[in-house]
1. Roughly speaking, what is the stretch gain from B:Leu515 to B:Arg361, that is 0.36 nm per residue apart minus the C-alpha to C-alpha distance, in nm to one decimal?
2. Among the listed pairs A:Lys224/B:Lys189; A:Lys224/B:Lys199; B:Lys199/B:Lys599, which have their C-alpha atoms separated by more than 28 angstrom in this model?
3. To two decimal places, what compactness ratio does segment B:134-255 give when its Cα radius of gyration is scaled by 2.2 N^0.38 Å?
4. Loop-only check: which trypsin sites (Lys or Arg not before Pro) in segment B:270-354 are DSSP coil with at most 10 other Cβ within 10 angstrom?
5. Spin-label point model (7 Å from Cα, Cβ direction): what's the B:Ala119 to B:Tyr165 distance in nm?
6. Given just the C-alpha atoms of segment B:256-371, how large is their convex hull per residue in cubic angstrom?
7. Return the FRET efficiency for the residue pair B:Ala588, B:Glu78: r is the Cβ-Cβ distance, R0 is 30 Å, and the value is rounded to the nearest 0.05.
8. Return the distance in nm (one decimal) between the two label points of a simple spin-label model at B:Glu348 and B:Arg322, each offset 7 Å from Cα along Cα→Cβ.
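Taken together, the values in this text are just the output of simple stated rules run on the coordinates, not laboratory data. Source: prediction; values computed, not measured. All Cβ positions, glycine included, derive from the backbone under ideal geometry; neighbour counts span all protein chains shown.
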Amino acid sequence: MPGMNFQRMGLAAGTAIMLSFGASTARAQAMQHSTEPPFSHEVYTGAVLFETLEYGFGLDGPNVGRWDGQAWYGGDTDRVWLRTEGETTRSGRVEQAEIQLLYSRLLGYYWDIQAGVRYDIRPLPNRAYGVIGLQGLAPGLFEVGLQGFVSQEGDLSARAEVSYDVYITQRLVLQPNVEANFALQKVPELGVGSGINDVEAGFRLRYEVTREVAPYIGINYERKIGDTARYAREEGEQVGAWNFVTGVRLFF
Amino acid sequence: MHDRTLSRRQALGLGVAALAFPAASGALAQPAVGRAMPREFNLTLSHVTANITGRRRPAMAINGQIPGPVLRFREGEEVVINVTNRLREHTSIHWHGLILPSSQDGVPGISDGFQGIDAGGTHQYRFPLVQAGTYWYHSHSGVQEQSGIYGSIVIDPATPEPFGYDRDYIVQLSDWTDETPSHVIANLKRDPGYYNYNKRTLASLVGELRRAPDAAARSAIVSDRIMWGDMRMDPTDIEDVGGYTYLVNGYTPAQNFTGVFRPGETVRLRFINSGAMTHFDVRIPGLQMTVVQAHGNNVRPVTVDEFRIAPAETFDVLVRPRDGRQYQMLAESMGRQGFAQFSLATQEGLPALPLPPHRPRPVLTMADMGMNYGPSGLDRGTPMPEVDAPGHVAPMDMGGMGGMDHSSMQMPAGGSQGMQGGSMGDMNHGGMAGMDHSSMPGMNHGAMGGMAGMDHGNMPGMNNGAAGAGAMAGMDHGAMGHGGMAMPDPLVNDVGAPPGARVLSYRDLRAAKPLYPVREPTRVIEIRLTGNMERYFWSINGNSFSQAQPIQLHLGERVRFRFVNETMMAHPMHIHGMWMIPQVGNGAENPLLHTVNIKPGSTLDIDMEVDAPGGWAFHCHMLYHMETGMMRKISVVNSPRTASAG
């Protein structure tokens, strides 16, 4: 049951590592609050956010599980990040799973520049990437993430993510988000064409029971484009899919 | 195991005993035996379990109480205070507002030769009391103050006070949270809006639009929303921390501390704001309050209906209830999250009068942004070159003025001494800032909207046309026009009082006995209050405490700090060891304060006679602002010759 193993691995990578990361941030934070002189007043702290931890019911195709999480630890300007995202199919097989380890530095009031590595456990063959990115808050309060990747084979690709929190009430929040992936050249063994590979858009309506725990429902649409879509068709996969999603946003 | 479980009654009962003047508190170890022997006090800090809200939570106490015992001193005596640390961590006690040698000031790593008090250790403080009035003390280590390490100080005057009273109560306001303070910081760091459940929402937008009288108003509402979104700022961010229970002398609103009086008596109330993060708007419906002391110093009595008290401030007021009814003191948090309250009544144990509804919650405007269209790119809050390094002064000369968009934006109401003829020849900027609003008809706030089109050369009331043009040139007219709002008055507090009610401002404070003759400052240092609200770190001139160099001052000089608040939050700025004299337009009678509240987007000049050598802390008294970087060391050194060359 290699699929099961990989599901474990993917989810373990997604949750266990990050949770232990979170625990260590809490410990380190307690240590930093020591009042031993000379005290520096630079506060080191951390957080774990799973923006997405959901199960999607395919409206015209298979069901999927999906996670997207990030954790950081650091001071005012310098931080270390661990990010992970991935997808499983109904059968429990991990289709996609990636982990990123990044260092970030505050570039301006609202923006961090990031650099680090990304490792894709799925799809096979496994790939390692170098990452450079920009993450922050754009005018209008849009959360923006831009990342450029160079794989171990020298292939260049990029990802752009934008999301927005619409506070309907103090606790009911509608979050539209859009993500797009690009590649400079095709990578057939990964089913990646050149140009825009895929676009994903969603609306998630969450209720913040607390800031930490917010169950949500929503819809998500994914569509593969161009050669990437052609590769998918050749594999007998769908190129576009609507999902009704239900999940929980966790923030610690 | 030093932990001690403490019932509320035990903890607070002791506090009450200590409040019953003039009995000395349990802290007094031995009585005075003649003048040679200083009186000795003992304070012991320990972990306790407190139950303020119905939940047993970890806290820290002094002599087993929260607040700690009242320290009642006498002006002119010398005291010895033994502070024993039974906490499992480092600690310190700072005597807020007391004028004493740096070595006794109690800030680890900043006060001369003081590195804090180790766990298990005892530190002996010893200092003479050179002043009288109401003060307080608190831990200056980490965020222990929020956990309960604070108490009050009353220094009886050596000579009779210029006012009389029959009863005397301390009203120590504070804010208690069931969360641990380090948790509060972590929450603010990961989400600065964590505690804000009063955000603007789609629902509130619909409500606003429905109430709007016409299409123009509706479009203004929408464009205001868009503008704040573009600025990436939250106009509802009034108070950073929520979940507080507001206390009076450790009593919750439900417990309702009571001060007893007989009709016709004059009651002195010593208000102390020991809140970690809370500005209180204070009123006693049915009673006027005559402010007789501000920050421990006598002021010319001024009668008000309401006042705002920033963290660390103290105001002593007299009230004269004529009839035997029950009066309710209400201290509403600035963000309208709750009340602290107590009763003045002819007997103990009465239930509190019903609380009124909260006043409307303030919403920030462009004026609170200092007309600045928010941080963009690298300005505001990110590290910038120091402008207050030793020897650097701002402004340095007229040429430098053009680039000073911040300070030149503002015309703080200043001391009239700044406009006195003798100094006009060389027209330094210290003098400029001293321009009195009242002498500038064209500068009144109502007319500010019209400023953009004003002919600067003809500014009425300004008899130095060239200097006026220089100052105005730096004004960002584009920003001024935006929203068409008036510049914020740095001194007026909008507490939401009913029309006609008199609300205290610093302008109403006139020192009864000024300590220092008026003179021109030897230099002006620009102190920009900065921060990153998104990351929740705070700074002075763009540098957090961990990155910053000390501000070096020279013994004997009179320095002017030009505070420019570039943030959207109020910052009560506190300087240890020396008085701040805010230039509020009262000339020689400008008040002497230890903490000056700088409103959002505003500018205020304060003068300081630098007469205390050594290392002094200088910081925002919002506890989490200080802890996340809004702090500096001031070094007062002996080098008169290099004062200007640096």
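1. Numbers: separation 154, 0.36 × 154 = 55.44 nm, distance 3.89 nm.
Net length gain for the segment: 51.5 nm.
2. On the way: A:Lys224/B:Lys189 38 Å; A:Lys224/B:Lys199 38 Å; B:Lys199/B:Lys599 21 Å.
Over 28 Å Cα-Cα: A:Lys224/B:Lys189; A:Lys224/B:Lys199.
3. Values: Rg = 22.0 Å, N = 122, 2.2 N^0.38 = 13.7 Å.
Expressed relative to 2.2 N^0.38 Å, the Cα Rg reads 1.61.
4. Details: sites: B:Arg270, B:Arg283, B:Arg308, B:Arg322, B:Arg325, B:Arg336; in loops: B:Arg322, B:Arg325, B:Arg336.
The qualifying sites are B:Arg322.
5. Roughly 4.1 nm, to one decimal.
6. On the way: hull volume 14.2 nm³, N = 116.
Taking the convex hull of the Cα positions in segment B:256-371, it is 122 Å³ per residue.
7. Details: r = 31 Å, r/R0 = 1.04.
Here the calculated transfer efficiency is 0.45.
8. Reported label-point gap for B:Glu348 and B:Arg322 is 3.0 nm.
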